[in-house]
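Below: one structure, written as structure tokens.
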Amino acid sequence: METRVIEIDPLEDCRAVYREAASLLQAGELVAVPTETVYGLAADAFNPEAVAKVFAVKERPTFDPLICHLPHLKAVFDITEVPDELRDTVAALAKEFWPGPMTLVLPRKSCVPDIVTSGLPTVACRVPSHPAMRAISRILEHPIAAPSANRFGHISPTSAGAVLKELGGAIPLVLDAGACSEGLESTILMPCLDDKGKPAVRLLREGPITVERIRRICRVLKPGKNAPAAIPNAPGQLKSHYAPNKLLVLHDPKAPFEPQEGVRYGLITYQGDSPLAALDCWEEVMPLSPGSGRLAEAAVRLFAVMRAMDECENVDVIIAEELPKTGLGCAMMDRLTRAAAQREQH
């Protein structure tokens, strides 16, 4: 299969391209579509055969549920049954963070196929801020099931070029809107009642919307503390994920590092001025936020830098500095920890 790439500019009239993408989805095909987080591999969520193609193309286990992307909040209520006691909390979260990089896991209606939810009674929903996914869903008149447009467990794609390297020849169309503005997958929350029967949310995955911001709306329960341990009821919860092909090892930037003889190392560093970065044992050094130390810039660059380091022919092992565990740093450390865990299994 030849994979076509169509460049789009969200500031221009792209309706003809969006209609073409929607027509492909309506016919049961898959399309790579940009969002503000990462590029998504889109399928008509109401077409089980098309959704099955997503799992096949990605080589994704069918027990890992997908996120449904929708154009607005009303469309979310069309596929979910939100309990009355949580409706105000859902509305408040939606008003504050949608359109944007927040996913809510909610009780689903029967119209959502089992394959989308991995047979669970809940469905993960998001209203993205990128106009492409919302417009295509509106034209299709169905939710769009769309995990990241890469092979399962690999580094998430934040550019059309990264999608082509992962899935070129396996899908008919990629819409190229340039680099993603957030660079990290969405924060995933499950609205629930706390131990006192009051509305809260369970944090299932760290992301661009930080815990500090969510707490302004409602109480946040974290798995392993004051909530049950996370189970695979939303994407990105497996211990190992987001991994490069090479071994990736996390390292404290202030701790000593002893390279092994004959191993060529590359360093992913926060801003390039740590004691670790000053060592002369690196074949490649790639800062996430060169000089400035801005977590937002580092988040946008994380997956692109991981992919670039993975493609360096003169690097055998990737060393990644641990990042500050505050705000967006928590979400980035979540991705790096899972990337390191995947490689440790081999």
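The values are calculated or read from the model by the stated rules, or taken from the named source; none is laboratory data. Keep in mind that what you see is a predicted model, and the values were worked out from it rather than measured. For neighbour counting, all protein chains shown are included, and Cβ atoms are generated from backbone atoms with ideal geometry for every residue, glycine included.
State all residues of the stretch 169-207 that are out of contact with any helix residue (DSSP H, G or I) (no Cβ under 9 Å at 6 or more places or on another chain), assigned to a strand (DSSP E or B) and buried (at least 24 other Cβ atoms within 10 Å of the Cβ); if no residue qualifies, say none.
Within the stretch 169-207, Ile188, Leu204 qualify.
Just to be sure before I move on: is Ala50 of a type in the set (A, V, I, L, M), more than 13 Å from His142 (Cβ to Cβ) and surrounded by fewer than 23 Cβ atoms within 10 Å (Cβ to Cβ) in the structure I sent?
So Ala50 fails the test.
So Glu166 clears everything in (1) of a type outside the set (A, V, I, L, M); (2) assigned to a loop (DSSP other than H, G, I, E, B); (3) in contact with a Pro (Cβ under 7 Å, 6 or more places away or on another chain); (4) assigned by TED's automatic domain parsing to the domain that holds Thr37 except one condition, right? Which one?
With (1) of a type outside the set (A, V, I, L, M); (2) assigned to a loop (DSSP other than H, G, I, E, B); (3) in contact with a Pro (Cβ under 7 Å, 6 or more places away or on another chain); (4) assigned by TED's automatic domain parsing to the domain that holds Thr37 applied to Glu166, the lone miss is (2).
Could you go through the stretch 82-95 and let me know if any residue there is part of a helix (DSSP H, G or I), free of Cβ contacts under 8 Å to residues at least 60 places away in the same chain and within 29 Å of Glu297 (Cβ to Cβ).
yes
Quick one: is Glu206 under 30 Å from Glu313 (Cα atoms) and either of a type in the set (Asp, Glu) or modelled with pLDDT of 95 or more (or both)?
Spelling it out, it is not the case that Glu206 is under 30 Å from Glu313 (Cα atoms) and either of a type in the set (Asp, Glu) or modelled with pLDDT of 95 or more (or both).
Determine whether the stretch 149-159 contains at least one residue that is part of a helix (DSSP H, G or I) and either of a type in the set (Val, Ile, Thr) or over 20 Å from Ala243 (Cβ atoms) (or both). Explain how you work it out, then say what you get.
Filtering the stretch 149-159 down to residues part of a helix (DSSP H, G or I) leaves none.
No, the conditions are met nowhere in the stretch 149-159.
Could you run through the stretch 148-192 and say how many residues are within 14 Å of Leu41 (Cα to Cα) and hydroxyl-bearing (Ser, Thr, Tyr)?
Residues in the stretch 148-192 being within 14 Å of Leu41 (Cα to Cα) and hydroxyl-bearing (Ser, Thr, Tyr): 4 in total.
When you check Ile268 against the structure, is it in a strand (DSSP E or B), out of contact with any His (no Cβ under 6 Å at 6 or more places or on another chain) and not aromatic (Phe, Trp, Tyr), yes or no?
yes
Please go through (1) touching a strand residue (DSSP E or B) at 6+ places or on another chain (Cβ under 8 Å); (2) farther than 22 Å from Val263 by Cβ; (3) surrounded by fewer than 18 Cβ atoms within 10 Å (Cβ to Cβ); (4) not aromatic (Phe, Trp, Tyr) for Arg294 and return the number of the only condition it doesn't satisfy.
Exception for Arg294: condition (1).
Checking the structure you have, find out if any residue of the stretch 2-11 is more than 20 Å from Val163 (Cβ to Cβ) and surrounded by fewer than 18 Cβ atoms within 10 Å (Cβ to Cβ).
Yes - at least one qualifying residue is present in the stretch 2-11.
Any idea which of (1) surrounded by fewer than 19 Cβ atoms within 10 Å (Cβ to Cβ); (2) of a type outside the set (Val, Ile, Thr); (3) in contact with a Lys or Arg (Cβ under 6 Å, 6 or more places away or on another chain) is the one Asp273 doesn't satisfy?
Only one criterion is unmet by Asp273, namely (3).
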